[in-house]
Every structure is written in C-alpha cells, then in structure tokens.
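In what follows, a single structure is set out as structure tokens and then discussed.
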Amino acid sequence: MKFGMNTYLFSSPFTNDSVTFFPLFKEWGFDFVEIALEEPELIDPVFIKSELDKCGLACRSVCAATGPGRDLRGNRKEQVTSLEYIKKLIDIAPVLGSDLVAGPIYSSVGRADLVSESEYRQQWNLVVKNLQDLCVYASDQKVRLAIEPLNRYETDFINTCEQALRMIKDVGSDSLFVHLDTFHMNLEEKDPALAIIKAADRLGLLHASGSDRGTPGGDQINWDRIFAALEKINYSGDIVIESFTPDVEVIAKAASIWRQIEPSKESIAIDGLRFLRSLNL
C-alpha cells in the first residue's frame with residue numbers, strides 16, 4: 001500500500017501556488033498527493049505535474065468537491081453543472097498522472113433531508129443514469145471513479161458501503177468503485193472492518209481520518225481491525241490522510257470543524273503517517 005496526503009489540510013482552493021507544500025509532503029515521507037480540486041480552472045495541470053516530478057511525488061487521486069450547485073440528483077442545471085465539473089476532473093486526472101477521481105460525486109455535500117421512499121427511488125434512478133454517462137466518459141479516458149459514502153449529517157443519500165455497492169451494481173460499469181473513509185464509517189457502519197471486507201475488490205480508495213476527524217491513531221477507531229480487513233481482501237491500493245483544521249475556513253464550515261482538534265496540521269500529517277506505516281508491516 002502507498003500513503004498519500006489530501007491537500008485540503010493545507011490549501012483550499014488548490015491553485016498553482018499550492019505546489020509550495022509538495023516538498024514538505026515529500027520530506028515527511030508521503031508517497032503521493034491527493035489533489036482536492038475545487039475549481040479546475042485555477043490550475044495548470046501540466047505545471048502541477050512538473051512540480052510533482054521535481055519533488056519525486058505522484059498524484060494518484062483527484063478528490064472532487066461537490067458543493068452547492070453540483071448535484072447529480074438536483075435540478076437540471078445542477079446536474080449539468082456537476083456533470084461538466086466531474087468530466088473536467090476526468091480530463092485533468094491523467095495529465096496529473098492519476099487514474100482515479102473520487103469523492104461524493106453523486107450529490108452536493110450538506111444536502112440531507114428525510115424524503116419519501118418514492119422520491120428517494122427517483123433520485124436514485126437519476127444518479128444511476130448520470131453515473132452511467134460519467135462512467136462511459138471515464139472509461140474512454142482510462143480513468144476510474146470512486147463514490148464515497150458520507151455520514152448522515154452530510155448526506156441523506158449514500159451513507160454506507162452497502163448502499164455504495166448497490167449503486168455500483170445498478171450503474172453496471174467496471175469503472176466505478178467505492179471510496180471508504182474511516183471517519184464516516186465510524187459513524188455509519190455497524191462494523192467498519194466488515195464494510196471493508198464487503199467492498200473487497202471494489203474498494204478503490206481508503207481515506208484515513210480519526211474518529212474526531214483528527215490524526216489517525218490518536219482516536220478510538222480500531223485500526224488493527226481496519227488493517228486486518230485490508231489484508232484479508234489483499235488490498236494493495238492507496239490510503240490517504242484526510243483531515244481539516246479551522247485554518248481552511250470554507251472546508252472547516254462544510255466539515256463542522258469549529259475547534260483546533262490537533263496541535264497543528266503538520267502534526268496530523270507527520271504523526272498520522274508514522275502511525276499508519278507502523279501498522280503496514
């Protein structure tokens with residue numbers, strides 16, 4: 001397994017200027033960077049790739065930011081906006097050296113309402129149709145998509161691995177995978193380790209975050225069972241540290257980060273990576 005750092009912890013939105021963090025990520029021992037790309041027009045992907053190469057780093061995944069207005073189950077304008085945005089990420093990913101676009105691409109984050117079963121089914125069918133379109137586009141670019149279940153406070157649509165796998169089955173594309181996150185699983189799964197086992201070869205990415213969204217290892221998650229489950233399914237994919245601090249105000253609001261969870265963002269990266277590597281023996 002390889003270990004990466006999600007750029008949200010240090011930069012939002014990600015721009016060409018954000019490459020100043022790359023040497024630090026390399027110094028701390030990360031294998032790659034996961035670029036959280038809120039606004040594709042703010043970067044020159046060729047330049048970003050050259051800066052990654054200079055540091056001996058790779059970009060192995062691009063993280064989608066589906067805020068208000070980007071919603072595959074929204075009104076027609078929101079659907080079109082979301083489709084165009086995700087297709088831009090699919091276009092950019094190979095230029096950055098990545099073959100994976102991940103995140104909660106099915107809906108805008110923060111949309112959480114109790115709806116009737118019939119309305120939920122209508123939304124489900126709409127997302128299936130839109131993801132089928134995106135999967136065809138991604139397949140042509142040799143890019144994979146991975147959908148991330150979120151906790152109940154951030155979405156009412158896909159909260160568990162089982163729901164994500166059902167969506168993958170209904171879409172029916174080999175290009176679609178599940179993206180699990182230990183923070184969200186800690187809230188929504190009866191047993192996060194069993195969720196990983198259930199995902200099996202459809203697990204495309206794992207985000208590592210503490211139970212309080214802080215440093216992996218300094219929390220109540222049973223990390224030994226998480227890594228035992230990864231070993232059981234012979235997972236050889238990527239693990240990305242994703243955390244947030246109040247310093248990045250837009251993300252802090254979306255993720256409800258109202259206080260300083262850890263001493264510093266540097267400590268989250270350094271201590272988290274050290275802990276995760278200690279389990280991957």
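Scan the stretch 90-114 for residues that are in contact with a Ser or Thr (Cβ under 9 Å, 6 or more places away or on another chain) and either in a helix (DSSP H, G or I) or β-branched (Val, Ile, Thr) (or both) and the total you get is 5. The set of residues in the stretch 245-267 being at pLDDT 75 or above, surrounded by 13 or more Cβ atoms within 10 Å (Cβ to Cβ) and part of a loop (DSSP other than H, G, I, E, B) consists of Ile261, Glu262. For the stretch 28-46, the criterion of being within 29 Å of Arg277 (Cα to Cα), surrounded by fewer than 16 Cβ atoms within 10 Å (Cβ to Cβ) and either among the hydroxyl-bearing types (Ser, Thr, Tyr) or without any contact (Cβ under 8 Å) to a residue 40 or more places away in the chain (or both) is met by none of the residues. Condition check for Asn151 on (1) crowded, with 21+ Cβ neighbours inside 10 Å; (2) in contact with a helix residue (DSSP H, G or I) (Cβ under 6 Å, 6 or more places away or on another chain): one failure, at (1).
The residue list Leu203, Leu176 contains one member that is over 28 Å from Gly272 (Cα atoms) and crowded, with 22+ Cβ neighbours inside 10 Å, which is Leu176. So for the stretch 178-195 (the condition being under 16 Å from the mean Cα position of the chain (by Cα) and either of a type in the set (Phe, Trp, Tyr) or at positive phi (or both)), does at least one residue qualify? Looking through the stretch 178-195, at least one residue is under 16 Å from the mean Cα position of the chain (by Cα) and either of a type in the set (Phe, Trp, Tyr) or at positive phi (or both).
Counting only residues that are part of a helix (DSSP H, G or I), within 20 Å of the chain's Cα centre (by Cα) and of a type outside the set (A, V, I, L, M), the stretch 8-40 holds 6 of them.
In the stretch 66-89, which residue that is hydrophobic (A, V, I, L, M, F, W, C) and buried (at least 24 other Cβ atoms within 10 Å of the Cβ) is farthest from Met5 (Cα to Cα)? Applying the filter and picking the extreme gives Leu72. Among the candidates Gln163, Gln123, the residue that is at pLDDT 95 or above and either within 17 Å of Ser82 (Cβ to Cβ) or assigned to a loop (DSSP other than H, G, I, E, B) (or both) is uniquely Gln123.
The values are calculated or read from the model by the stated rules, or taken from the named source; none is laboratory data. In this text, all values refer to a predicted model and were calculated from it rather than measured experimentally. Every residue, glycine among them, receives a Cβ derived from its backbone with ideal geometry; neighbour counts consider all protein chains shown.
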